[in-house]
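Asker: Sharing a structure, written as structure tokens. Questions coming.
The values are calculated or read from the model by the stated rules, or taken from the named source; none is laboratory data. What you are looking at is a predicted structure, and each value in this text was computed from that prediction instead of being measured. Cβ placement follows ideal geometry from the backbone for every residue including glycine, while neighbour counts extend to all protein chains displayed. Surface accessibility is based on the protein's heavy atoms, side chains included, excluding ligands, DNA and RNA. Shrake-Rupley method; radii C 1.70, N 1.55, O 1.52, S 1.80 Å.
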Amino acid sequence: MASTSAYSYLHKSPQDVLNDIDFQLTLEPALLTKLTKAFLEEINVGLGRYGEDMAMVPSFVTGVPDGSETGTFLALDLGGTNLRVCEVVLNGDKTFRLRQQKYKVSDQLKTGEATVLFDYLADSVDAFLTTHPPESPLSPDAEVPDVLPLGLTFSFPVEQTALGSGTILTWTKGFSAKNAIGNDVVKLLQDAFDRKHMHVKCVALVNDTVGALLSRAYTSGGCILGAIFGTGTNGAYLEEVAKIPKLANNPAAAKGGYMVVNTEWGAFNNKRTQLPFTPFDSVLDRTSINPRFQAFEKFISGMYLGEITRHVLLSLIDAAPRPMLFGGKATKVVNEQWGLDTSVMSEVEEAWETRVVEEKEKVIKEVDPNGTEPRSFPGEIGENPNLWDGDDHDILPRWDILSTPEGLAQLSLKVKGKLERVRKVLVSRLEYADGDVSLRDAAIVRWACHLVARRAALLSGVAVAAILLQTGRAGFVQDVHSDSSLNTPNDVPKVNGANGIHVTDSVTNGTSKNAAKEEFEEKIGVGVDGSLIQFYPHFERTMRESLRSIVGADVERRVEIGLAKDGSGVGAALCALQALKQEP
Ligand code: BGC
């Protein structure tokens, strides 16, 4: 297995090595703005032509729900960690009920023959229907009443040709099933249902981001962007049909209005001209099953963050002339590709978190069981600013302090307690012997996790900012200062007319200042899902920091980020409903 080149510090101090890594993984605000500009360019290239890296897939979903929709539907969701089958009941009052069953998808299924994978999907739906017979009658297919309609959430790049069909473009997230790319995913699934003589019809195809957008709109009444920050990352937003030139000859173009576009932003800058690649990113990419694809996703999503961090750690374990981490020892977890799960990073960061007030006594007991040290917390803010305290502004480990007993003795009990908590997580999750992990190792690993995750959250902010800019809801913060008109939202699509179809408020210059202000101050709904945004400490906070630096605090404040709960299931149900309504 190729590994990142280890650090040689013959001509450098260990501290220089840490500084160097810190520098490589830190993003400056100016770079975030530059990346956002490049992102906007790729958005527009993808809207103009088929076959571009950022696929900008028209979803053929032309209205967003307003919460009044009703019906009972089956949904099948493939693309996250598990396969899920659900029955979704839309109550018509912004609420829904959902019963679901998760099924494991083995690596063998992910990488074997596509027909075997799709047969497994059909078997799972069959098993679900046996164990969960429909509670309320499923909304019948108008054409064939005894056939159950199903919405498929398929969270991979697909060139959608209609609401109920689309061609698989590539696999992502560790999938590589053979003989699938280039085929219609709905047909692959329907053929599997038919082979088993099941009375189920796949009527709608939806990406999980589109599902997140629709379900958030259904439950909250307004949403312009659905985004996933989980195993993978991606976003779908409401775009003006007039701004999608590649729809040229499609009947949808003539109808005008708005359409949800699945950006497939995970592929942003696959050409690798802008993103801040480090050797750790390059080795990850080279050894992945899809090198040179999903460049942006590999910086951001849960599937990859642990692996990037593992490469950072390995470079320090193997540093020459002397190891800088774990005394040069590596466990199976650390040696194996994908061995370090992103959830370990999350645990490490949580272990560091300050819960000092509640934990003061516990920390004192852990660090000082005999009660011989003074029961105060020197080094807490305001006490001695020269001491290393590892907090956000001072996270880079100080090799001199952490390497000698005298240095360690200078640390406050609070900091020692935090390091000790991190150390314990490393012993258990990375499977080290207790004596192999020092407090310095704990400080280094926690710093590495923080750097990699912070970079991911800042880049996530780039993607969200680009959508705000693309839809006219924001201007670049530096442009805004030089030209305030750039931040005036002319022709901003307003989500949700009474019937769930969005309407456009055209704010004409000078005529309606108050209306403009009101519109301008309206909340901007963003529906999100995924393990990082839900569980990784401070992911959203850091993403907002990025937004502020790109589009300014006024816009960031209006962005209302809410969980698109069960977005994949509810989104698929809503699409199935739209598909049935459209049936001739
Ligand atoms: C896929 C997207 C999906 C995202 C989040 C990416 O790998 O390409 O289609 O929306 O993961 O699940």
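Asker: If I ask for residues that are within 16 Å of the ligand (Cβ to nearest atom) and not in a strand (DSSP E or B), which ones from segment 143-173 would you list?
Answerer: Passing the criteria: SER155, PHE156, PRO157, LEU169, THR170, TRP171, THR172, LYS173.
Asker: Having 1 or more residues that are within 16 Å of the ligand (Cβ to nearest atom) and open to solvent by 40 Å² or more (accessible area, probe 1.4 Å) is the bar; report the helices (runs of 4 or more DSSP H) wholly within segment 248-327 that clear it.
Answerer: Working: elements: 251-255, 279-286, 297-300, 302-317.
Filter on segment 248-327 gives 302-317.
Asker: Kindly indicate whether any position in segment 107-119 is touching a strand residue (DSSP E or B) at 6+ places or on another chain (Cβ under 8 Å), among the small types (Gly, Ala, Ser) and open to solvent by 10 Å² or more (accessible area, probe 1.4 Å).
Answerer: yes
Asker: Right, next: Enumerate the helices (runs of 4 or more DSSP H) found wholly within segment 11-118, keeping only those where 3 or more residues are among the β-branched types (Val, Ile, Thr). Write out each step before concluding.
Answerer: Values: elements: 14-25, 29-48, 107-111.
Correct list: 29-48.
Asker: Kindly evaluate SER176 against the criterion of being away from the ligand (no atom under 16 Å from the Cβ), open to solvent by 20 Å² or more (accessible area, probe 1.4 Å) and not assigned by TED's automatic domain parsing to the domain that holds GLY530.
Answerer: On the way: away from the ligand (no atom under 16 Å from the Cβ): no; open to solvent by 20 Å² or more (accessible area, probe 1.4 Å): yes; not assigned by TED's automatic domain parsing to the domain that holds GLY530: yes.
Here the answer is no, as SER176 does not meet what is asked.
Asker: Give segment 127-149 a look and list any residue that's open to solvent by less than 20 Å² (accessible area, probe 1.4 Å) and at pLDDT 95 or above, or say none.
Answerer: PHE128 - this is the single residue of segment 127-149 that is open to solvent by less than 20 Å² (accessible area, probe 1.4 Å) and at pLDDT 95 or above.
Asker: Next question, about the same structure. In segment 191-231, what residues are over 30 Å from ASP146 (Cα atoms), part of a strand (DSSP E or B) and either more than 10 Å from the ligand (Cβ to nearest atom) or open to solvent by 10 Å² or more (accessible area, probe 1.4 Å) (or both)?
Answerer: LEU225, ILE228
Asker: Quick check: anything in segment 53-60 touching a Lys or Arg at 6+ places or on another chain (Cβ under 8 Å) and away from the ligand (no atom under 16 Å from the Cβ)?
Answerer: No: zero hits.
Asker: Yes or no: ALA254 in contact with a Cys (Cβ under 6 Å, 6 or more places away or on another chain), hydrophobic (A, V, I, L, M, F, W, C) and farther than 30 Å from SER106 by Cα? Let's see the steps before the verdict.
Answerer: Values: in contact with a Cys (Cβ under 6 Å, 6 or more places away or on another chain): no; hydrophobic (A, V, I, L, M, F, W, C): yes; farther than 30 Å from SER106 by Cα: yes.
So ALA254 does not fit the description; no.
Asker: Return the residues of segment 555-584 that are free of Cβ contacts under 8 Å to residues at least 12 places away in the same chain and among the charged types (D, E, K, R); say none if nothing qualifies.
Answerer: We begin by selecting, within segment 555-584, every residue free of Cβ contacts under 8 Å to residues at least 12 places away in the same chain; these are 557, 581, 584.
Of everything in segment 555-584, those that are free of Cβ contacts under 8 Å to residues at least 12 places away in the same chain and among the charged types (D, E, K, R) turn out to be ARG557, LYS581.
Asker: From SER428, SER376, which residue is closer than 28 Å to GLY339 by Cβ and either among the polar types (S, T, N, Q) or at pLDDT below 90 (or both)? Show your work before the answer.
Answerer: Values: SER376 fails: closer than 28 Å to GLY339 by Cβ.
It is SER428.
Asker: Scan segment 24-44 and report the pairs whose first residue is buried (at least 17 other Cβ atoms within 10 Å of the Cβ) and whose second residue is at pLDDT below 95 and part of a helix (DSSP H, G or I), with Cβ atoms within less than 9 Å and a gap of 6+ or a chain change.
Answerer: Taking only residues 6 or more apart or on different chains, the pairs are THR33/VAL477; THR33/GLN478.
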